[in-house]
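Below is one structure, written out as C-alpha cells; comments come after it.
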Amino acid sequence: MYVIIVGCGALGTRTAYSQIHAGHEVLMLDMDESRVALTRKALGNVVLLGDATEEFTLQNAGIDRCDAFIATTGDDAVNLASCQLAKFTFQVSNVVSIVNDSTDSNLFLAAGVNSIVSRTDVILANLAGTLLHHPMAELMTLNDRNEKLISMKIPPTAQSVGNRFRDLALPYGIIICLIVSNVGSPFVPNEDTVILGGEEVIASCPVEALDELAYVLTGQRFSSIVA
C-alpha cells in the first residue's frame, strides 16, 4: 500500500514510522525545510519538501497511485485543502485527517474525508496511557464514530497469553492491525500469531465490542478500565 502523509510533526512522523514498519510505502510532505531535514535523518529518504495544497506537489508525490492519504498538520485549513484535492481532484479512496478545532469537523465530513481524528482525542488517549497506566487507549475514531482504533497492552498474566488469535473468541468485526512487541520491529499478525505478555495490540473495533475485546485480551472489562 502507498501512503502519503501531510506534515512532518510528531504525529505525522509517528504515523509514518508505524506505516513503514507495517511494510507499506510511505511519502511525507511538508513545507518546513528544517522539519524535512530532521525527518530524513530519522526515517530516511521518504520526505518531499512541498505544499500539499498545490496540485503540482501532489502530482510530484505520485498521488495518482496513492492508496491512503493522511493529513496531520496543526493547521485545519491546510489539512482540509489537501484532503479536498486528494479526494475530489485525484479520487483517492481513503482520506484521513486530524481536526485541530472540533468545530471544523463538519467541514471535513462535507469535504468527503473518510475518517476524522480529533487532536483532543489523541492527547487524551496519550494521557490515559501515560498517566493512568490504562491497558487500553483509544487512538482514533473511525467510520463516523462507530468504530475505534485502539491500543491495548497485554498483561503478562492475562489468560490470552500463549494462545493464538484463532483460538480466542474475539468479537465480530475486530481487525487486529499491528503487534508492537518489546523486542524487534512492529509486525502485522495473522490468525496463527501467538500472543505474548507485555506486547501492545493495535486493533480496529466496533464501539459496542470494546468491552468484550478488552476482556478477551486482558481479562478486564473496558468499562472498568475507563471508570
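Taking H as built 1.01 Å from N, whose amide H comes closer than 5 Å to the amide H of residue 148, not counting residues under 5 places away?
Amide H neighbours of residue 148: 142, 205, 207.
Please arrange 98, 20, 150 by how many other C-beta atoms lie within 10 Å of their C-beta, fewest to most.
Lowest count first: 20, 150, 98.
At 7 Å along the Cα-to-beta-carbon direction for both residue 110 and residue 60, put a label point, then send me their distance in nm to one decimal.
3.2 nm
Taking every DSSP beta bridge with both residues inside the chain, roughly what % is antiparallel (nearest 5)?
Of the beta bridges lying entirely in the chain, close to 50 percent run antiparallel.
Only Cα pairs within less than 10 Å get springs; with that Gaussian network setup on the chain, which residue of 141, 15, 103 has the largest fluctuation?
103
On a C-alpha basis, how far is the centre of region 189-216 from the centre of region 67-117 in Å? Whole number, if you could?
Here the two parts' Cα centres lie 28 Å apart.
Every read-out reported here was derived from the displayed coordinates using simple, explicitly stated rules and does not represent laboratory data. Bear in mind that the values here come from a model prediction, so they are computed numbers and not experimental data. No Cβ is skipped: glycine too gets one built from the backbone with ideal geometry, and neighbour counts run over all protein chains shown.
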